[in-house]
Amino acid sequence: MLRATFKSLLARKLRLILSGLAVVLGVMFVAGAFVVTDTLSRSFDTVFASAYSTTDVSVTAEPKVEVSEFEGEQVAAPLPASAVDKIKTLPGVRSATGLVEADGARVIGSDGKVLTSMGPPRLGVAWTGEDDLVTLREGRGPTGADEIAVNATVAEGAGIKVGDRVGVLTLEPKKTFTLVGIYGYSGDRDSLGGVQEVAFTEPVAQKLMLDAPGSYTSVRVQAAGGVTPEALRDRIAPALGAGYVVKTGDQLAEENAADLQEGLAFFGQILLGFAGVALFVGVFLILNTFSIIVAQRTRELALMRALGASSRQVIGSVLVEAVVIGLVAAVLGLAAGVGVGALLAYLFASFGGGGLELAPLAVPATAVISSFVVGVLVTVVAAVLPALRAARIAPVAAMQDVATPDRPLTRISAAGGAVTAAGAAMLGVGLFADTGAELWLILGGVLVSFIGIALLTPLVSRPVVSLLGRLFSWSLPGRLGRLNSGRNPRRTAITAAALMVGIALVTGVTVIMDSAKSSLKAEAARVLKAQIMISGDQNGPRAPTYDPAVVRRAAQIPGVRAAAGLWSDQVVIDGDKQYVNATDDLAALAQTYGTGGSLNALEDDQIAVSVPEAAERGWQVGSTVTVQASRGKERTYTVAATYPEDSLPGRIMLPAAATRDFGVPQPVLGFVRLDDGVPVSAVLPQVKALVADSPEVSATDAAAFVDDQAATFDTLITMIQILLALAILIAVLGVINTLALSVLERTRELGLLRAVGLGRAQTMRMVTVEAVVISVFGALLGVTVGAGMGTAVTRALESDGITELVLPWSRMGTYLVLAALVGVIAAVLPAIRAARLNVLGAIAHD
């Protein structure tokens, strides 16, 4: 029986390769996710190990506000020079060097634009000279207040060279320096993990990066001979007391690498999620393939039964085929995944990581194990039902010309209804109930709903396919293609369901994103009174900023009714972290944003809060609030006013004096409202001139500003469409596979049609119509299901601000048109094969 199984496999190589491709593509994503995260993880391990290679012990002050990698950029608390002096006197200390290293030094390149970063920080540091890690390549280190040195990554990216005058943005507006040196790192590296560095003299770095002369961000301590870093750490910590963080260099390297692992793990989970979608779609393809093969082998399997094969042996025969296909697909998918992982790591290092030096490529055990487990498991699971069906073939079927009867759809429809209801219930609980497991309930609900809808698909396939096929029934090939596509509703449904999943997910996400975009625009039109906005695109960890003097000057332009700047930061309020805003002119901000009103200017010890925030916290006018900003001391404020939620941006508004302690002590947004009747075109050029020296931002009309904010949703939709394209590609393979197997199954029928006068071109049109009808049916299911799910999620998010429901009719129409095109493409090879059949040989085919 085993020999017969392998001979059967070898006799059907092409059709099984097509089904195996689905598993190959899914496994490719799984393996690629593990390979890329492992490669990047080891690369960053090397970076952090190098960065702390000259540090035995590091001392920092406890941050005022602790911020995780996902929450934003943590601001280092200044460490006094007295702490450095004290560390130097401790036994076992060979040297102690105060360091200034803070994010936020943005270099203006030779093209007048700020050098961007797609993730790595842009550090402003105090020059401490060359050492085992840092080496000068050109020039010298800075010695004057108007001199800087930069690392080679900055010099190349900004297009600057020694002797150039270079603009730099820091905690203060643009200042110009002379570039006197360019440096690199051990191992001939231009940067450490793509980090951009600008080195100032120590006093300048303390002023511009910390706004704390005489202070440092950390102390680099080197141990004397015979003293271990751990022993020195344990000696320094009690000597300094509370308020300091003392760690070894190895500890810091491990902790920084571990923090980064969270981001890499999230990236890997996204890839695994899309791999799961691809494999889920692949199950439909494999299920269909084995179902058709079992139907074609009815007489063969019945003959085996007649010769003594048991039902268990028949099931084993089909499952052995599945295991072999799964193993081969897993090997090929693993190989492809290694290539994809290497490519993604290269792209990340080149573009996202800013020149990260990649570790040697390796294949982790998790990639190998998961590839084989997933590949074999998915294939075997998909083959179970066809195997059980094969075991029920009676031996007597070997003695007659058997056509597989069309079974009633009652049981499968009832099961589909029950499963769909269960999926809908899970979605409802996940969307509307507070269970703590909302995400898993929603994901599980989507998966179960898809399975249920797939089970219901045969029930609707015959009438819908018949209706769609009438569009092509104006010719004989069209009528034949329509009848062929509807003759086996189960097969048509499974093939269409594979395409449905990918298109439904794309459609659902598009509905949610378009609704969110429309809601954002509607809200902006309702509350935003400013006609001109000052803003920039955030291309690094920190928000773009501009000189606060710009707003004061804008307010003096003829025709300007009010102008206000907006600062933002994450603070700790009464023990809770929260984002707050501040403004230089509360009354002007109220006129440019929201419903306006007569809010008075805030004193330095006063705050204003929104009515909902006050209600949640139990505050009222006169209540006192403690606030700890990123810098400075904890301060106490009095609630001076409350305001409707949509009358000012944000829920807590601090006074302008508080911005001195913000992590970014410059405004991030600007609002300019014009007098009635004054055209934007008369004022906008003047405001643009004011921000000419703030290259991170620009002045635009409010409509363009809102469109720029909404464009993020279009970017997300495009990314999701690209990632889901793999699932749709697998669905296309399913259409090709189904048609190819169907042509084999109908060899004699096609021969008879050719014999009675059906020409080659007509045969090809017949197969093409069948493919188009199936593809359009799948796409129609997809847009319907996706629109329904997207609508449900959008309605559930109404309390979160998504108040507009937008159904993307044009995109859904595009998906249907593309599905028809996909059907045409998928039909090419099967149609050519059908047209080339030898008529006499086909008639004699058994």
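The values are calculated or read from the model by the stated rules, or taken from the named source; none is laboratory data. Note that the structure is predicted; figures quoted are calculated from it, not measured. When we count neighbours, we look across all protein chains shown, and the Cβ atoms used for this are built from the backbone with ideal geometry, even at glycine.
Name the residues in the stretch 15-42 that are surrounded by fewer than 24 Cβ atoms within 10 Å (Cβ to Cβ) and at pLDDT 85 or above, would you?
Selection gives Asp38, Ser41, Arg42.
Among the residues of the stretch 808-841, write down those that are more than 22 Å from Val465 (Cα to Cα) and polar (S, T, N, Q).
Residues satisfying the conditions are Ser810, Asn838.
Looking only at residues that are surrounded by 17 or more Cβ atoms within 10 Å (Cβ to Cβ) and out of contact with any strand residue (DSSP E or B) (no Cβ under 7 Å at 6 or more places or on another chain) in the stretch 204-239, which one is nearest to Arg660 (Cα to Cα)?
Checked the stretch 204-239; the qualifying residue nearest to Arg660 (Cα to Cα) is Asp211.
Considering only the stretch 140-159, I want to know if a residue exists there that is in contact with a Lys or Arg (Cβ under 8 Å, 6 or more places away or on another chain), within 25 Å of Ala212 (Cβ to Cβ), part of a loop (DSSP other than H, G, I, E, B) and modelled with pLDDT of 90 or more.
The answer is no; no qualifying residue exists.
Could you tell me how many of the residues in the stretch 607-631 are surrounded by fewer than 19 Cβ atoms within 10 Å (Cβ to Cβ) and either touching a residue at least 60 places away in the same chain (Cβ under 8 Å) or closer than 30 Å to Pro78 by Cα (or both)?
Within the stretch 607-631, residues that are surrounded by fewer than 19 Cβ atoms within 10 Å (Cβ to Cβ) and either touching a residue at least 60 places away in the same chain (Cβ under 8 Å) or closer than 30 Å to Pro78 by Cα (or both) number 4.
For Val509, state whether it is crowded, with 24+ Cβ neighbours inside 10 Å, of a type in the set (A, V, I, L, M) and in contact (Cβ under 8 Å) with a residue 60 or more places away in the chain.
Here the answer is no, as Val509 does not meet what is asked.
Could you tell me which residue of the stretch 810-833 is farthest from Asn737 (Cα to Cα), considering only residues that are free of Cβ contacts under 8 Å to residues at least 40 places away in the same chain and either buried (at least 24 other Cβ atoms within 10 Å of the Cβ) or among the polar types (S, T, N, Q) (or both)?
The selected residue is Ser810.
So, of the residues in the stretch 629-656 that are of a type in the set (A, V, I, L, M) and under 38 Å from the mean Cα position of the chain (by Cα), which turns out to be nearest to Pro612 (Cα to Cα)?
Ile652
Regarding the stretch 611-621, can at least one residue be identified that is assigned to a helix (DSSP H, G or I) and touching a Phe, Trp or Tyr at 6+ places or on another chain (Cβ under 9 Å)?
yes
So, in the stretch 767-825, exactly how many residues are modelled with pLDDT under 85 and among the charged types (D, E, K, R)?
Total satisfying the criteria: 4.
So Ser518 ticks every box in (1) crowded, with 16+ Cβ neighbours inside 10 Å; (2) within 30 Å of Pro386 (Cα to Cα); (3) modelled with pLDDT of 80 or more but one. Which box is left unticked?
(2)
What do you reckon, is Ser799 within 30 Å of Gly650 (Cα to Cα), surrounded by fewer than 17 Cβ atoms within 10 Å (Cβ to Cβ) and among the polar types (S, T, N, Q)?
Criteria met by Ser799.
Identify all residues within the stretch 490-538 that are touching a helix residue (DSSP H, G or I) at 6+ places or on another chain (Cβ under 8 Å), more than 30 Å from Thr457 (Cβ to Cβ) and among the charged types (D, E, K, R); write none if there are none.
Scanning the stretch 490-538 gives Lys517, Lys521, Lys529, Asp537.
Can you tell which of Ala390, Ala398 is in a helix (DSSP H, G or I), more than 37 Å from the chain's Cα centre (by Cα) and modelled with pLDDT of 70 or more?
One residue alone meets the criteria, Ala390.
Select from the stretch 551-568 the residues that are out of contact with any helix residue (DSSP H, G or I) (no Cβ under 9 Å at 6 or more places or on another chain) and farther than 13 Å from Pro667 by Cβ and list them in ascending order.
Matches in the stretch 551-568: Gln556 only.
Check the stretch 674-696 and report whether any residue there is more than 34 Å from the chain's Cα centre (by Cα), closer than 18 Å to Ser568 by Cα and crowded, with 19+ Cβ neighbours inside 10 Å.
no
For residues that are at pLDDT below 80 and part of a helix (DSSP H, G or I), scanning just the stretch 322-362, find the one that is surrounded by the most Cβ atoms within 10 Å (Cβ to Cβ).
Here the residue is Phe348.
Could you check Lys247 against (1) within 23 Å of Ala105 (Cα to Cα); (2) charged (D, E, K, R); (3) buried (at least 19 other Cβ atoms within 10 Å of the Cβ) and say which number it fails?
Of the numbered conditions (1) within 23 Å of Ala105 (Cα to Cα); (2) charged (D, E, K, R); (3) buried (at least 19 other Cβ atoms within 10 Å of the Cβ), the odd one out for Lys247 is (1).
Okay, residues lined up against (1) in a loop (DSSP other than H, G, I, E, B); (2) in contact with a Ser or Thr (Cβ under 7 Å, 6 or more places away or on another chain); (3) free of Cβ contacts under 8 Å to residues at least 40 places away in the same chain; (4) buried (at least 20 other Cβ atoms within 10 Å of the Cβ):
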position	(1), (2), (3), (4)
Val67	yes, no, no, no
Val75	yes, yes, no, yes
Lys86	no, no, no, no
Arg94	no, no, no, no
Pro120	yes, no, no, yes
Gly124	no, yes, no, yes
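Would you check if Glu749 is in contact (Cβ under 8 Å) with a residue 24 or more places away in the chain, acidic (Asp, Glu) and either surrounded by fewer than 24 Cβ atoms within 10 Å (Cβ to Cβ) or assigned to a helix (DSSP H, G or I) (or both)?
Answer is no for this residue.
Of everything in the stretch 168-190, what is of a type outside the set (D, E, K, R) and surrounded by fewer than 18 Cβ atoms within 10 Å (Cβ to Cβ)? Give them in sequence order.
Scanning the stretch 168-190 gives Pro173, Thr176, Thr178, Ser186, Gly187.
In the set Asp701, Asp714, which member is in contact with a helix residue (DSSP H, G or I) (Cβ under 7 Å, 6 or more places away or on another chain) and farther than 15 Å from Asp547 by Cβ?
Of Asp701, Asp714, the one residue that is in contact with a helix residue (DSSP H, G or I) (Cβ under 7 Å, 6 or more places away or on another chain) and farther than 15 Å from Asp547 by Cβ is Asp701.
Could you go through the stretch 759-772 and let me know if any residue there is of a type in the set (Asp, Glu) and surrounded by 17 or more Cβ atoms within 10 Å (Cβ to Cβ).
Yes; the residues of the stretch 759-772 include at least one that is of a type in the set (Asp, Glu) and surrounded by 17 or more Cβ atoms within 10 Å (Cβ to Cβ).
Taking the condition under 30 Å from Lys174 (Cβ atoms) and either among the aromatic types (Phe, Trp, Tyr) or touching a residue at least 40 places away in the same chain (Cβ under 8 Å) (or both), does Ser291 pass?
When the stated conditions are applied, Ser291 does not pass them.
Just to be sure, is Ser317 of a type in the set (S, T, N, Q), in contact with a helix residue (DSSP H, G or I) (Cβ under 8 Å, 6 or more places away or on another chain) and crowded, with 20+ Cβ neighbours inside 10 Å?
Against the criterion (of a type in the set (S, T, N, Q), in contact with a helix residue (DSSP H, G or I) (Cβ under 8 Å, 6 or more places away or on another chain) and crowded, with 20+ Cβ neighbours inside 10 Å), Ser317 qualifies.
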